[in-house]
1. With contacts defined as alpha carbon pairs under 8 Å and 6 or more residues apart, what's the relative contact order of the range 1-131 in percent?
2. Tell me which residues come under 5 Å, amide H to amide H, from ILE10 once H is placed; ignore anything under 5 positions away on its chain.
3. Note down the relative contact order for the chain as a percent, whole number, built from C-alpha pairs under 8 angstrom at least six residues apart.
4. Roughly speaking, what is the centre-to-centre gap between the range 1-64 and the range 262-287 when only Cα atoms are used, to the nearest Å?
5. Only helical DSSP H runs with n ≥ 4 go in: add -39500 (n - 2.57) per run for the chain, normalise by residue count and round the 222 nm mean residue ellipticity to 500 deg cm²/dmol.
6. In the structure shown, do any of LYS106/LYS248; LYS162/LYS206; LYS217/LYS239; LYS106/LYS246 have a Cα-Cα gap over 29 Å, and if so which?
7. Just ALA89, ALA238, ALA64 to compare: in a GNM of the chain, with alpha carbon springs under 10 Å, which one fluctuates most?
8. Can you tell me which lysines have their Cα less than 20 Å from the Cα of LYS262? Leave out same-chain residues fewer than eight positions away.
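The values are calculated or read from the model by the stated rules, or taken from the named source; none is laboratory data. Because the structure is a prediction, the values reported are computed rather than measured. Cβ placement follows ideal geometry from the backbone for every residue including glycine, while neighbour counts extend to all protein chains displayed. Quick note on the areas: whole protein, heavy atoms, side chains included, nothing else; ligands and nucleic acids left out. Shrake-Rupley method; radii C 1.70, N 1.55, O 1.52, S 1.80 Å.
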Amino acid sequence: MTAKSKNILITGASTGIGYDLVKVFLDNGYKVFGSVRRREDAERLINNFGVNFKPLFFDVTDYAAVDAAAKTLQREIGNEGLGGLINNAGIAVAGPFIDLNVEAFKHQFDVNVFGLIKVTQAFLPLLGAEENHGSAPGKIIQMSSVSGRMGMPFISPYVGSKHALEGITECLRKELLLFGIDVVLIEPGPIKTPIWSKSMTPLEDKFKDSVYYPIMKNAQEEFVRPSIESGLSADKVAKIIFNEFKKKKSCVRKVIISQKFKNWTLPNLLPTRMLDKILGKALGLIQ
């Protein structure tokens, strides 16, 4: 049987879960190629991780750069191929639906959906989606979110992008049966990463004239920040993802969340209208 490649590609490698994924794969004997957008990030990661980390320079929304990176990697690893692609790069656009323009939604989808599609298509041949591939089929890990199955107020662009990712992945997983390439959805809850501080901090100025401003500010203080503070650390999540990656038969979806019964099981057991009412009263959306 053809051996599985020890080469891994991780997008969004410079911070958060991506950074910790690089570390855990390197610690387990893999060679990691990580996408970065800035030279200083590449230099920092090379200094931190050593010779088995190789930066690839591209933004997922720059399709020409993605294609160039795929060609570079093809020249470097050839028939070794990729053992895995982890589509981790992503952003969170937040704000009341009524106050967000269409461009905000487009930017969210350009990164989290269309960029991910482009990266996956560009690197699929190296994962084994071609004839006479030199190594065993690779595995694709899609970094979704619990938001891919449950929507919350003030993050409709992000939630929409993750719902889209879930639907696309359902189709892709079945199509790639032809090549033996598995596709797994990882659905984390709140995690201590920079993604939410980057998206939530500017909200106080941007939407100060919105009718939703006091409700959104309350949601930040009473729900969002405490959820992140009590969330799992990025390094713990990275280790769980690695263990899932290593399984011969991974689960189709993997929910990773702290206090799972309270934060996931129970809300999914409640009738939708009841959950809406509970949340609406807690946030001050209804009396």
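1. 27
2. Under 5 Å from the amide H of ILE10: PHE33, GLY34, SER35, ILE86.
3. In percent, rounded to a whole number, it is 19.
4. With the range 1-64 and the range 262-287 each reduced to a Cα centre, they are spaced 39 Å.
5. Helices in the chain give a 222 nm mean residue ellipticity of -13500 deg cm²/dmol.
6. Details: LYS106/LYS248 37 Å; LYS162/LYS206 24 Å; LYS217/LYS239 33 Å; LYS106/LYS246 35 Å.
Over 29 Å apart, Cα to Cα: LYS106/LYS248; LYS217/LYS239; LYS106/LYS246.
7. Ranking ALA89, ALA238, ALA64 by mean-square fluctuation puts ALA64 first.
8. LYS192, LYS236, LYS254, LYS277, LYS281
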